[in-house]
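Enquirer: There's a structure below that I have some questions on.
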Amino acid sequence: MNTKPFSPYVPRPVTLVEKTKLSDFVTRFTFEQDNGRPLAHKPGQFVNVSMYGIGEAPFSISSPPRRTQNTFEIAVRKIGAVTSALHELKPGAKVGIRGPYGSSFPVMKFVGKDILIVAGGLGYIPLRSLLFYQLRHRDEFNRMVLMVGTREPKERIFVDEIADLAKSGDVEVLETVDMPDETWKGNVGVITTLLPKAELDPANTYVAMVGPPIMYRFVIAECRKKGIASDQIFVSLERKMKCGLGKCGHCQINELNACIDGPVFCYTDIEAYQEAI
Amino acid sequence: MAKPKIAFFDFAGCEGDQLQIANLEERLLDILGHVEVVSFREVATGHSDDYDVAFVEGSITRPEDEIRLKEIRKNAKVLVALGACAAIGGINCLKNFLAENVYREEVYGGQARWFSTYAARPLKSVVKVDAEIPGCPIDPTEFARITKELLLGRSPWIPDFPVCVECKQAGNVCRYEMGRMCLGIITRAGCKAACVSQGAHCWGCRGLVPGANLDAARIVMDRPGTSRKAIQDLLRFFLGDTGAAL
Amino acid sequence: MTTYTVYKEQLPGLFEKWSESYALYVPAKLREGFYDLVPWKRDLEIAWDFDVAYNSPKRFLFPPREALITFNRKTCEAEPVFEAPPQILFGVHPYDVKAINQLDQLLETGSPDQNYVRRRAATVVMGYEPLTVSPTAFWASVGAASAAHGYDLYWTKIGPAAFTVEVGSARGEELLSMCGPLVPSTAGDKEGARRAKARVLFKARHNGLRYNWEETPRLLSKSWDSPLWRRYSQMCLACGSCNLVCPTCYCFDIREEADDQLEEGVRYREWDGCMLESFAKVAGNHNFRPKAQDRYRHRYFRKGKYIYDKIGELGCVGCGRCVRACTAGIANPLKVFNELWEETAHEH
Ligand SMILES: Cc1cc2nc3c(=O)[nH]c(=O)nc-3n(C[C@H](O)[C@H](O)[C@H](O)COP(=O)(O)OP(=O)(O)OC[C@H]3O[C@@H](n4cnc5c(N)ncnc54)[C@H](O)[C@@H]3O)c2cc1C
Ligand code: SF4
Ligand code: SF4
Ligand code: SF4
Ligand code: SF4
Ligand code: FES
């Protein structure tokens, strides 16, 4: 293995150990690194997954960092070539990965502070890594609030997990759906409608949010209105990605590369960029 | 696992594309080794044949073609339009610009009265087409790649940018810089700019690139020394079924 | 560094020698009347007065299509693919040397692109002082008339049969001395080289920015909402020609193909361009730069600001290739920057 000349484009093999359906189109995949080593990622980072013969695509790492285990999780929505091929895999199958790549949530900054985690749609996938990291070190952080917004009840993912979190009392959980059906008993409305429901201490609250582009504008505006400073707000920006190395140009946001400068950005650092949000 | 079944059919066209596939020679054996070819050309109506992939060549030029094509569509899991005629109507659409009696005379001579025929059209104006391998003739290496992608369960990829990209990759001198015309600016790439690389210009055989800026293209083509008629003729040659040809 | 004087009659011997261990490319006239770097062969007429090489030198260092890895679908093991043929690019104008230097900086920093690094290491760059200036070029006004480094040798034609050759690397010097002892240039020869540069700079004055190029990033910061972007981009064919011909553009797509047995395969990269409609489009069809004007503006910002903010130089070396390549007549950094300058003139 070590005799191979190095190239950053060469993935390494990992093996699928578990596959769990999360919704009609989203599945969680647990992989094990064949090299036996932990992935050594930070919450918010991503890996490029290779389905050889089909292509390569970036996915957020959904599990918290694990120091002693060589497993990690991603959760994937079936939408195109690579994601569909992933859904066909059976445990035992191998794929290639590169990474972890990109920036992460600055967990050290959150120590001793309140944290508000805002997850729109699939945004819960990367935030889960942060959330469970913090829960593992629960006493290092102050209040934890999780807000989850989904378009329709049937699109909700990690439903049981989120219910357990709510019961545990470690995290205050607020959830909403945009378009309810007859089964839905909870909040209705876009995710911004949850913000007034939590009494936040603006000076002491850090915000981590991931969701569709449109969500950011509104949630950030709400947070700013509440008096939360820009440098306390962290977002993860998704862009088209190919190389993951800051070379291919696809992920550019003005002069930033979402793959190496991001995906996680402090809002202060992107406020001035027209292409960011 | 059972080998996927594939079938080939043709409508109005010159069968040049099946020839291109045959030109793959030993590669063809490897690729076809993964499949079972269940049918060439003839579709048995009535009993429900099933095949995983139907490659269909030629354009639809008669009402009875529609019935046959719909039958194929019903039996196929994946329907692939093979070649310019099937994918974009191709040269057959030239006749759409002629008065009906003129082209009927030309095509069927004295028997013209005996055949029903209507404006030529691509497969996609009759049935849902899952993938296209455009080109006149098709590029056999693209056929090979797309067949493999289908075998791997991937929805086939074809370039969604103009021929100019591949032309620049090839390092050709642009026809416009030589005072000539070229349809590469609005035509879907994938042929490695074959015609320009061979010294000619692009005729548009792979159809319009998605989002082609036709207004701009007409201005670009309308240069001193080029007649409107020449532009019109070029645009009608392969792109007769699109909005490009006026 | 040392400068030697070399005579034309020495060249065939040198070329012969070099081509034994390198692929040697030299400037020549194409059938179509343009110039390009082409493989050298005996008796090929060298176009000493070429104004610009039709294709930029990036294709030698960063080919249009390049394999990155081979993979095995069963084991999911992958191997890097490196190809780095020894080559000599003889006759690279200084703006193109600067463009290569930029590629070096951008591709070798961060996570170095090993495919590029290896090709670059195997490539000898022989700079050459231009004698003529392409009608669409404007390199003299964007700080790209001279390259301070990045070449192994730098050739200046100082007379009908004589050159001064400035040494840029030990490898260059070694190549130059392959056919016998070298003669250091006299003060007079060096003066000849200086005058040759002055002559071409004079010729290059036909085209230029109306302001100091270092103002460009600031100019662009004020121009995000300019109506110019929409006005010009209406004609854009999204053909990517301006990207692909540019010596400093290096965006790429990554694609792959399995072999005919469906067991192994190759993943390769291919030149891509930010002007192509789907460049920033993701699965589900969301496009982060949906409008022609978004893409058009991005390219100029990349050339005039983003690259500058990274390395302190413009991403445009003024070669004028895009100006010629754009059939719609809208790819023209000189014109765009000058017009933006006029637009904001009242603010200066
Ligand atoms: C940092 C990051 C984290 C992501 N995390 C997740 C996740 O946790 N779960 C999830 O389901 N999806 C995630 N995505 C989106 C996911 O990468 C795309 O859905 C995926 O690339 C689609 O690939 P495809 O081959 O199925 O689609 P196709 O449409 O067939 O795409 C072909 C290729 O285009 C590129 N591409 C297309 N869409 C995207 C996109 N949205 N982002 C980047 N490249 C794209 C990829 O290279 C892909 O292989 C993430 C994207 C980024 C940038
Ligand atoms: S010759 Fe045709 S295909 Fe090539 S760049 Fe010019 S317009 Fe485009
Ligand atoms: S250059 Fe144009 S006409 Fe020729 S094969 Fe390609 S798309 Fe067809
Ligand atoms: S932007 Fe145009 S003029 Fe500038 S370096 Fe690139 S091709 Fe040359
Ligand atoms: S070369 Fe001209 S028409 Fe083509 S993408 Fe560039 S600006 Fe647009
Ligand atoms: S993904 Fe290639 S530069 Fe970011």
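Enquirer: Would you mind stating whether residue C:270 is within 15 Å of ligand 1 (Cβ to nearest atom) and of a type outside the set (Val, Ile, Thr)?
Expert: Spelling it out, residue C:270 is indeed within 15 Å of ligand 1 (Cβ to nearest atom) and of a type outside the set (Val, Ile, Thr).
Enquirer: Kindly evaluate residue B:196 against the criterion of being near ligand 3 (Cβ under 8 Å from one of its atoms) and outside any loop (DSSP other than H, G, I, E, B).
Expert: Here the answer is yes, as residue B:196 does meet what is asked.
Enquirer: Something else now. Report those strands (runs of 3 or more DSSP E) wholly inside the stretch A:1-88 carrying at least 2 residues which are touching an Asp or Glu at 6+ places or on another chain (Cβ under 7 Å).
Expert: In the stretch A:1-88, the matching strands (runs of 3 or more DSSP E) lie at A:12-21, A:26-33, A:46-51.
Enquirer: Just one of (1) in contact with an Asp or Glu (Cβ under 7 Å, 6 or more places away or on another chain); (2) over 30 Å from residue C:137 (Cβ atoms); (3) within 16 Å of ligand 5 (Cβ to nearest atom) trips up residue C:290, so point out which.
Expert: Unmet for residue C:290, out of (1) in contact with an Asp or Glu (Cβ under 7 Å, 6 or more places away or on another chain); (2) over 30 Å from residue C:137 (Cβ atoms); (3) within 16 Å of ligand 5 (Cβ to nearest atom): (1).
Enquirer: While we're here: Among the residues of the stretch C:282-302 satisfying the criterion of being at the interface with chain A (Cβ under 8 Å from one of its Cβ atoms) and of a type in the set (A, V, I, L, M, F, W, C), which is farthest from the chain's Cα centre (by Cα)?
Expert: Of everything passing the filter in the stretch C:282-302, C:283 is farthest from the chain's Cα centre (by Cα).
Enquirer: Next up: Scan the stretch B:177-205 residue by residue and report those that are surrounded by fewer than 23 Cβ atoms within 10 Å (Cβ to Cβ), over 20 Å from residue C:64 (Cβ atoms) and either more than 9 Å from every other protein chain (Cβ to nearest Cβ) or within 6 Å of ligand 2 (Cβ to nearest atom) (or both).
Expert: Result: B:179, B:180, B:181, B:200, B:201, B:203.
Enquirer: Another question, if that's okay. Among (1) within 13 Å of another protein chain (Cβ to nearest Cβ); (2) modelled with pLDDT of 95 or more, there is one condition residue A:238 misses while meeting the rest; what is its number?
Expert: Against the list (1) within 13 Å of another protein chain (Cβ to nearest Cβ); (2) modelled with pLDDT of 95 or more, residue A:238 comes up short only on (2).
Enquirer: Cβ contacts < 8 Å: first residue at negative phi and within 7 Å of chain B (Cβ to nearest Cβ), restricted to the stretch C:230-243; second residue away from ligand 1 (no atom under 16 Å from the Cβ) and open to solvent by 40 Å² or more (accessible area, probe 1.4 Å), any location; separation 6+ or different chain. Result?
Expert: C:235/B:219; C:235/C:329
Enquirer: Turning to a different aspect of this structure: Test residue C:220 against the criterion of being crowded, with 21+ Cβ neighbours inside 10 Å, within 12 Å of chain A (Cβ to nearest Cβ) and more than 16 Å from ligand 1 (Cβ to nearest atom), and give yes or no.
Expert: When the stated conditions are applied, residue C:220 passes them.
Yes or no, residue by residue, for (1) touching a residue at least 60 places away in the same chain (Cβ under 8 Å); (2) away from every other protein chain (no Cβ under 14 Å); (3) part of a loop (DSSP other than H, G, I, E, B):
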{"residue": "B:128", "(1), (2), (3)": "no, yes, yes"}
{"residue": "B:144", "(1), (2), (3)": "yes, no, no"}
{"residue": "B:147", "(1), (2), (3)": "yes, no, no"}
{"residue": "B:157", "(1), (2), (3)": "no, no, yes"}
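Enquirer: While we're here: Just for the stretch C:15-56: of the residues that are within 14 Å of chain B (Cβ to nearest Cβ) and of a type in the set (Lys, Arg), which one is least open to solvent (accessible area, probe 1.4 Å)?
Expert: The qualifying residue least open to solvent (accessible area, probe 1.4 Å) is C:29.
Enquirer: Quick one: how many residues across the stretch A:257-277 are open to solvent by 30 Å² or more (accessible area, probe 1.4 Å) and either away from ligand 1 (no atom under 16 Å from the Cβ) or facing chain C (nearest Cβ under 10 Å) (or both)?
Expert: 9
Enquirer: Further question: If you check residue A:231 against the conditions, is it touching a Cys at 6+ places or on another chain (Cβ under 7 Å), more than 13 Å from ligand 1 (Cβ to nearest atom) and open to solvent by 60 Å² or more (accessible area, probe 1.4 Å)?
Expert: yes
Enquirer: State whether one or more residues within the stretch B:172-189 are part of a loop (DSSP other than H, G, I, E, B), out of contact with any His (no Cβ under 7 Å at 6 or more places or on another chain) and farther than 21 Å from residue C:238 by Cβ.
Expert: Within the stretch B:172-189, one or more residues are part of a loop (DSSP other than H, G, I, E, B), out of contact with any His (no Cβ under 7 Å at 6 or more places or on another chain) and farther than 21 Å from residue C:238 by Cβ.
Enquirer: Condition first: within 12 Å of chain A (Cβ to nearest Cβ) and touching an Asp or Glu at 6+ places or on another chain (Cβ under 7 Å). Now tell me which residues in the stretch C:244-257 satisfy that.
Expert: Listed by number, the residues that qualify are C:251, C:252, C:253, C:254, C:255.
Enquirer: Here is a check on your reading of the model: is residue C:196 among the aliphatic types (A, V, I, L, M), assigned to a helix (DSSP H, G or I), more than 16 Å from ligand 6 (Cβ to nearest atom) and touching a strand residue (DSSP E or B) at 6+ places or on another chain (Cβ under 7 Å)?
Expert: yes
Enquirer: Let me ask something else about it. Answer yes if at least one residue in the stretch C:259-271 is away from ligand 3 (no atom under 16 Å from the Cβ), at the interface with chain A (Cβ under 10 Å from one of its Cβ atoms), among the polar types (S, T, N, Q) and not in a helix (DSSP H, G or I), and no otherwise.
Expert: no
Enquirer: What pairs come out if I take residues in the stretch A:47-59 that are within 14 Å of residue C:70 (Cα to Cα) and at pLDDT 95 or above and pair them with residues that are among the acidic types (Asp, Glu) and more than 16 Å from ligand 3 (Cβ to nearest atom) whose C-beta lies under 7 Å away, six or more apart or interchain?
Expert: Listed by first residue and then by second, the contacts come to A:50/A:56; A:53/C:256; A:55/C:256.
Enquirer: Tell me which residues, restricted to the stretch A:68-77, are over 16 Å from the mean Cα position of the chain (by Cα) and crowded, with 16+ Cβ neighbours inside 10 Å.
Expert: If the condition is that a residue be over 16 Å from the mean Cα position of the chain (by Cα) and crowded, with 16+ Cβ neighbours inside 10 Å, then A:70, A:71 are the ones that fit.
Enquirer: Considering only the stretch A:21-60, state which residues are within 16 Å of ligand 6 (Cβ to nearest atom), of a type outside the set (S, T, N, Q) and farther than 20 Å from residue A:122 by Cβ.
Expert: Of everything in the stretch A:21-60, nothing turns out to be within 16 Å of ligand 6 (Cβ to nearest atom), of a type outside the set (S, T, N, Q) and farther than 20 Å from residue A:122 by Cβ.
Enquirer: Now a separate question. Failed condition for residue C:236, given (1) exposed (fewer than 15 other Cβ atoms within 10 Å of the Cβ); (2) within 16 Å of ligand 5 (Cβ to nearest atom); (3) not acidic (Asp, Glu), with all others met?
Expert: For residue C:236, the exception is condition (1).
Enquirer: Go through (1) over 30 Å from residue A:98 (Cβ atoms); (2) within 18 Å of the chain's Cα centre (by Cα) one by one and return the number of the condition residue C:45 breaks.
Expert: Residue C:45 satisfies all of (1) over 30 Å from residue A:98 (Cβ atoms); (2) within 18 Å of the chain's Cα centre (by Cα) except (2).
Enquirer: While we're on this one: What helices (runs of 4 or more DSSP H), lying completely within the stretch C:282-343, carry at least 2 residues that are buried (at least 22 other Cβ atoms within 10 Å of the Cβ) and more than 16 Å from ligand 6 (Cβ to nearest atom)?
Expert: Here the list reads C:292-301, C:321-325, C:333-343.
Enquirer: Name the pairs whose Cβ atoms lie under 7 Å apart, with the first residue in the stretch B:181-197 and at negative phi, the second assigned to a loop (DSSP other than H, G, I, E, B) and within 16 Å of ligand 6 (Cβ to nearest atom), and 6 or more positions between them or separate chains?
Expert: none
Enquirer: If you take the residues in the stretch A:7-61 that are in contact with a Leu (Cβ under 8 Å, 6 or more places away or on another chain) and among the polar types (S, T, N, Q), which one is nearest to the other protein chains (Cβ to nearest Cβ)?
Expert: Among residues in the stretch A:7-61 that are in contact with a Leu (Cβ under 8 Å, 6 or more places away or on another chain) and among the polar types (S, T, N, Q), the one nearest to the other protein chains (Cβ to nearest Cβ) is A:7.
Enquirer: Test residue B:171 against the stated conditions and say whether it is in contact (Cβ under 8 Å) with a residue 60 or more places away in the chain, open to solvent by less than 30 Å² (accessible area, probe 1.4 Å) and of a type outside the set (A, V, I, L, M, F, W, C).
Expert: In short, no.
Enquirer: Continuing with this model, one more query. Among the numbered criteria (1) within 16 Å of ligand 1 (Cβ to nearest atom); (2) closer than 26 Å to residue A:141 by Cβ, which one does residue A:116 miss?
Expert: The failed condition is (1).
The values are calculated or read from the model by the stated rules, or taken from the named source; none is laboratory data. As the structure is a computational prediction, the values presented were derived from the model and not from experiment. As a convention, Cβ positions derive from the backbone with ideal geometry for all residues, glycine included, and neighbour counts pool all protein chains shown. Ligands, DNA and RNA are stripped out before the accessible areas are found, and what is left, the full protein with its side chains, is counted by its heavy atoms. Shrake-Rupley method; radii C 1.70, N 1.55, O 1.52, S 1.80 Å.
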